[in-house]
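Peer 1: For reference, the structure I am asking about is given below.
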Amino acid sequence: MKANNTILVSGASGHLGQMVSKKLIEIASAHTHIILASRNTEKLAQFKGKNVEVREIDFNDPDKTKKALNGVNQFLIISTDAIGSRFDQHKVAIDAAKANSVERIIYTSWPEPKNSVAMVAPEHKETEDYLEKSGINFTLLRNSLYSENLLGSVKNALETGKIYGSAVKGSHTFVSRSDCANAAAYALIKEEKGNKIYNITGDQNYSYYDLAQILTELSSKKVEYINLSDDEFKNALTSSGLPEIWADVFVSFDKAHRLGEAQTATKDIQELTGKSPETLKEFLKRNIL
Ligand SMILES: NC(=O)c1ccc[n+]([C@@H]2O[C@H](COP(=O)([O-])OP(=O)(O)OC[C@H]3O[C@@H](n4cnc5c(N)ncnc54)[C@H](OP(=O)(O)O)[C@@H]3O)[C@@H](O)[C@H]2O)c1
């Protein structure tokens, strides 16, 4: 890694961003200049005194984004949460990187975004395509669905003995957010040549039947999976208080699992970090039980 390497992490105050920032501070060489950037730098107070610079960045503000990227070599774009307007925001980030001659963009994407039926996929596909056209070297971190997304239904399952979905026997390579964060931090300090795609997955793929079995083992209480139609699942989610847009997103995830998307567990986390991802059982033990 070159002596004057300057790394900027956008979205550093988000759940993933904080974890990436902590890991990066831990593993980066003393020569690395780390810049943590957020729309609200007050939320980065925990990093004061950690030998990092803090900058404001907001992809809704092209000038501010351009200014934030001054002198940056490696830029982690944490995909934003603004579903529906994310591509425009990511475009601002990529344009600003180009204007600042950033050497590499690392982007948190989604598995198989070109073919995926998941509602989140099209904006990731557009971003990946735009990044490719920009000519900037890139590393794509195609993160599987976070295991954290299961926690709401898992808590309910532990109370009721039932876990619901519409994936039938479809499965997914759920991965914990902390494993995604570690992978991103290592991707930022890795000397990579050309463009690279990492499929950031958990240790194996799990169906809801597998999840029910793991919960039964861990809790000593029988948990069963109840398969619903997409409409029934959406109704169950909205009845539990989830906004309709998110219910649609979750139903689209189950559809993707049912259709067999992204079912191949990879060794990419290990390749980047030197450590295997945690199993779903370990994750659930750590978070719930
Ligand atoms: N694979 C999955 O299962 C999965 C699940 C959920 C989300 N995601 C994606 O991964 C991202 C990070 O996940 P998370 O759990 O950390 O979500 P989160 O805590 O909701 O964080 C949202 C992130 O978006 C950033 N952001 C929002 N508006 C922005 C703007 N105008 N300019 C720059 N950054 C902006 C925030 O940065 P600041 O607030 O610091 O500015 C923050 O880092 C999400 O935004 C989403 O794209 C993936």
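Peer 1: Per residue, how big is the convex hull of the stretch 156-289 when only Cα atoms are used? Give it in Å³.
Peer 2: Numbers: hull volume 16.5 nm³, N = 134.
So the per-residue hull volume is 123 Å³.
Peer 1: Suppose we look only past 24 Å in the calculated P(r) of the stretch 91-217. What percent of the Cα-Cα pairs does that tail hold?
Peer 2: Distances greater than 24 Å cover 39 percent of the Cα pairs.
Peer 1: Which aspartates and glutamates have a Cα lying under 16 Å from the Cα of LYS255, excluding residues fewer than 8 positions away in the same chain?
Peer 2: Once the sequence-local aspartates and glutamates are set aside, what remains near LYS255 is GLU112, ASP230, ASP231, GLU232.
Peer 1: So, one more: Report, for the chain, the % of DSSP beta bridges that are antiparallel, rounded to 5.
Peer 2: 5 percent
Peer 1: Which aspartates and glutamates, if any, have their Cα less than 17 Å from the Cα of LYS222, not counting same-chain residues under 8 positions apart?
Peer 2: Candidates past the 8-residue exclusion: GLU159, ASP210.
Peer 1: Still on this structure: Place a point 7 Å from the Cα of LEU218 along the Cα-to-Cβ direction; which residues of the stretch 162-189 have their backbone N under 19 Å from it?
Peer 2: Zone members listed by number: 162-165, 171-181.
Peer 1: Taking H placed 1.01 Å from N in the peptide plane, check which residues at least 5 places from ILE136 or on another chain put their amide H under 5 Å from its amide H.
Peer 2: The list, which skips near neighbours in sequence, is empty: none.
Peer 1: Same structure again: Summarise the long-distance tail of P(r) for the stretch 58-107 by giving the % of C-alpha pairs beyond 16 Å.
Peer 2: I get 30 percent for the Cα pairs in the stretch 58-107 exceeding 16 Å.
Peer 1: Using alpha carbon coordinates only, what is the Rg to Rh ratio of the stretch 1-152, with Rh defined as the Kirkwood radius?
Peer 2: 0.95
Peer 1: Here's another thing I want to ask about it. Using all C-alpha to C-alpha distances in the stretch 23-87, build P(r) with 10 Å bins and read off the rounded percent in each one.
Peer 2: 18, 50, 28, 4
Peer 1: Once you've got the Cα coordinates, tell me which of LYS221/LYS281; LYS23/LYS67; LYS221/LYS267; LYS162/LYS281; LYS234/LYS267 are over 22 Å apart.
Peer 2: Numbers: LYS221/LYS281 15 Å; LYS23/LYS67 25 Å; LYS221/LYS267 33 Å; LYS162/LYS281 18 Å; LYS234/LYS267 34 Å.
As for pairs spanning more than 22 Å Cα to Cα, those are LYS23/LYS67; LYS221/LYS267; LYS234/LYS267.
Peer 1: Here is a follow-up. For the chain, what are the DSSP H helices with axial Cα length of 15 Å or more and mean Kyte-Doolittle hydropathy of at least 0.0?
Peer 2: Numbers: long enough: 15-27 (19 Å, 0.27); 86-99 (20 Å, -0.52); 121-134 (20 Å, -1.95); 177-189 (19 Å, 0.48); 208-219 (16 Å, 0.26); 244-258 (21 Å, -0.11).
Flagged H segments are 15-27, 177-189, 208-219.
Peer 1: What is the Rg over Rh value, at two decimals, for the stretch 236-283, using alpha-carbon atoms and the Kirkwood definition of Rh?
Peer 2: Taking Rg over the Kirkwood Rh, I get 1.15.
Peer 1: Between LEU259 and SER229, what is the FRET efficiency for a Förster distance of 22 Å, r being their Cβ-Cβ separation, to the nearest 0.05?
Peer 2: Numbers: r = 15 Å, r/R0 = 0.68.
Efficiency for this residue pair is about 0.90.
Peer 1: So what's Rg/Rh here for the chain, counting alpha carbon atoms and using the Kirkwood radius for Rh?
Peer 2: Rg/Rh: 0.98.
Peer 1: Evaluate 2.2 N^0.38 Å with N set to the residue count of the stretch 182-236, then give the Cα radius of gyration divided by it.
Peer 2: Cα-based Rg divided by the globular estimate yields 1.85.
Peer 1: Quick one: with all protein chains in place, what share of the accessible area of the chain is carbon or sulfur, to the nearest percent (1.4 Å probe)?
Peer 2: 47 percent
Peer 1: On to the next question. Can you tell me the accessible area per residue over the stretch 147-233, all protein chains present, probe 1.4 angstrom, in square angstrom? Don't skip to the end; give the middle numbers.
Peer 2: Values: 3690 Å² over 87 residues.
Averaged over the residues of the stretch 147-233, the accessible area is 42 Å².
The values are calculated or read from the model by the stated rules, or taken from the named source; none is laboratory data. What you see is a predicted model, and the numbers here were worked out from it, not measured in a lab. Don't worry about glycine lacking a Cβ; one is built from the backbone with ideal geometry, like all the others, and counts go over all protein chains shown. These accessible areas exclude ligands, DNA and RNA; they are computed on the full protein's heavy atoms, side chains included. Shrake-Rupley method; radii C 1.70, N 1.55, O 1.52, S 1.80 Å.
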